[in-house]
There are 2 protein chains.
Amino acid sequence: MMNPQVRQDRRWTRRKEARPAELMAAALDLFVERGYAATRLDDVAARAGVSKGTLYLYFSSKEELFKAVIRSGIVPLIERGERLLEENQGPAHELMRQIVFAWWESVGNTKLGGIPKLMFSECRNFPEIGKFYYDEVISRGHRLMQSVLETGMKSGEFRSMDANYATRLILAPMVYLLLWRHSFDFCDSKHIDADRYLEQHLDMISNGLAPRSRDQSNGEQPAKVISMKKKGGIG
Amino acid sequence: MMNPQVRQDRRWTRRKEARPAELMAAALDLFVERGYAATRLDDVAARAGVSKGTLYLYFSSKEELFKAVIRSGIVPLIERGERLLEENQGPAHELMRQIVFAWWESVGNTKLGGIPKLMFSECRNFPEIGKFYYDEVISRGHRLMQSVLETGMKSGEFRSMDANYATRLILAPMVYLLLWRHSFDFCDSKHIDADRYLEQHLDMISNGLAPRSRDQSNGEQPAKVISMKKKGGIG
DNA sequence: TATATTACTGACCCCTCAGTCATTTATGCA
DNA sequence: TGCATAAATGACTGAGGGGTCAGTAATATA
């Protein structure tokens, strides 16, 4: 809409190349803010600086627009993550740090962070898109983190455990942070500081709740104190 | 004839007392399955075995029905959680176990588990309900877990750390499990086994990824190997 | 400047669905 | 048995919004 040439006299200009991206950006904003159903195509078009008719020149339906938003927004990101892993071979815990913060900077802390929220909300209504997102984003992201974990286990940096579930448990608080940001954060007087949250996440998954040797000595073996073995009575 | 038991000849019966609960149950199912906007009141009524007109005898609007579903479904649960904590005073790690699994049995593994998903999806569209849910459920649940954590820190069972963020990090994978169940689980060929997932969660937050002493010795201090200190190069 | 092309507009169509209400049916009571 | 009343129905209404298309204005070409 902001053409550098002086265009005040023109009612509109032809910008075939730029329209789809602008429409998708506008749609992303509104879908994230209001959800799929509550987003009106008139509003999407208005935000992109065109009329609804123009929107239909580039996207054949609301659902197609939705698909395009998801695809174009997310696929480049996961590819970037995979490249990042290939290029670096440091210790597993360092790789994990890097992935966590790179993800936060390129997804969590940008408007793209709204996409996961959107997908969680809508994937039951659009199973096809849900499957696409699962295959192209979730499972690839999962594989990425799992390979880091398994590397660390092989090297002895991490203890051995079920890598599938451990991966889910590492990713869960990250995704949860995103979902929180795009839902309840507005109710929360003390907003989450993402860096601290992620920092403490890394700290907790590596060190757990166990007291460090220097912290405290209460006469019991830490390993015994902190183990939560199955189905005990409540004492 | 005129036998109250025989009702095949009646087109419908008067059941003033039972209707609201049946309508709310039907609405919960459909709201969770399809989201608020995509749920038709005709369908809710049909599932409850009445007509749409009857629905409006008991709820003045779709939004009021939604509020009623949330309120009636969730408030008893959090109260139960608070009672559970008051009644028990075992070691912190045992209390945590109990809360985690009690929550799973009474919320996660029932149809009530759909409510958090619903709230995450819709709270931006219904800020008033979102605030209500935040105050009456989220922050109370948070306080519950945080008090367990702080107890454990005071007793030396847990190391000391920021209790607010630690609480979030403990609750996040639990809520995430719920959200997953109600969104992407249908795409996932290997469905999450909730008990194993929660078990491993308790294990990870207490023991972290650090190798246990008996697991492996690679010549470094475990405390050093597993610590993920800030901003290192990738080596 | 004249003509052809096409990006873009916006009024309109039509269906869906929240919400209404006149009517019908069940039930308590005399 | 009949009447009064409340519970339940389902056809109806009107607004909102997805989707269309005849027309208009910008640009390319000559």
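Here are a few things to note about the model shown:
- Taken as a whole, the condition of being surrounded by fewer than 17 Cβ atoms within 10 Å (Cβ to Cβ), more than 26 Å from the chain's Cα centre (by Cα) and charged (D, E, K, R) does not apply to A:Glu86.
- For the range A:1-34, filtering for residues that are surrounded by 13 or more Cβ atoms within 10 Å (Cβ to Cβ) and modelled with pLDDT under 95 leaves 3.
- Set side by side, the residues A:Arg140, A:Arg159 differ, and just one is without any contact (Cβ under 8 Å) to a residue 12 or more places away in the chain and over 29 Å from B:Gly141 (Cβ atoms), which is A:Arg159.
- All of A:Ala46, A:Ala38 fail the test of being within 14 Å of another protein chain (Cβ to nearest Cβ), within 14 Å of DNA strand C (Cβ to nearest atom) and either in contact with a Ser or Thr (Cβ under 9 Å, 6 or more places away or on another chain) or not basic (Lys, Arg) (or both), apart from A:Ala38.
- Selected residue [within 14 Å of chain A (Cβ to nearest Cβ), acidic (Asp, Glu) and away from DNA strand C (no atom under 16 Å from the Cβ)] from B:Glu86, B:Glu82: B:Glu86
- Those residues of the range A:89-117 which are more than 28 Å from B:Ser121 (Cβ to Cβ) and either of a type in the set (Asp, Glu) or free of Cβ contacts under 8 Å to residues at least 12 places away in the same chain (or both), in sequence order: A:Gln89, A:Gly90, A:Glu94
- Condition met for B:Val100 (under 19 Å from B:Tyr133 (Cα atoms) and more than 14 Å from DNA strand C (Cβ to nearest atom)): no
- Failed item in (1) assigned to a loop (DSSP other than H, G, I, E, B); (2) at pLDDT below 95, with B:Ile192 passing the rest: (2)
- Screening the range A:58-76 for residues that are free of Cβ contacts under 8 Å to residues at least 40 places away in the same chain and away from chain B (no Cβ under 14 Å) and picking the one that is nearest to DNA strand D (Cβ to nearest atom) gives A:Ser61.
- For the criterion of being over 15 Å from the mean Cα position of the chain (by Cα) and hydrophobic (A, V, I, L, M, F, W, C), B:Ile138 fails.
- Evaluating A:Cys187 against the criteria (1) surrounded by fewer than 22 Cβ atoms within 10 Å (Cβ to Cβ); (2) facing chain B (nearest Cβ under 7 Å); (3) more than 27 Å from A:Ile115 (Cα to Cα) leaves one unmet condition, (3).
- Filter result for the condition that a residue is closer than 28 Å to A:Ile138 by Cα and within 14 Å of DNA strand D (Cβ to nearest atom), over A:Leu30, A:Leu84, A:Leu55: A:Leu30
The values are calculated or read from the model by the stated rules, or taken from the named source; none is laboratory data. Here the structure is a predicted model, which is why all the values come from computation and not from measurement. Cβ: placed from backbone, ideal geometry, glycine included. Neighbour counts: every protein chain shown.
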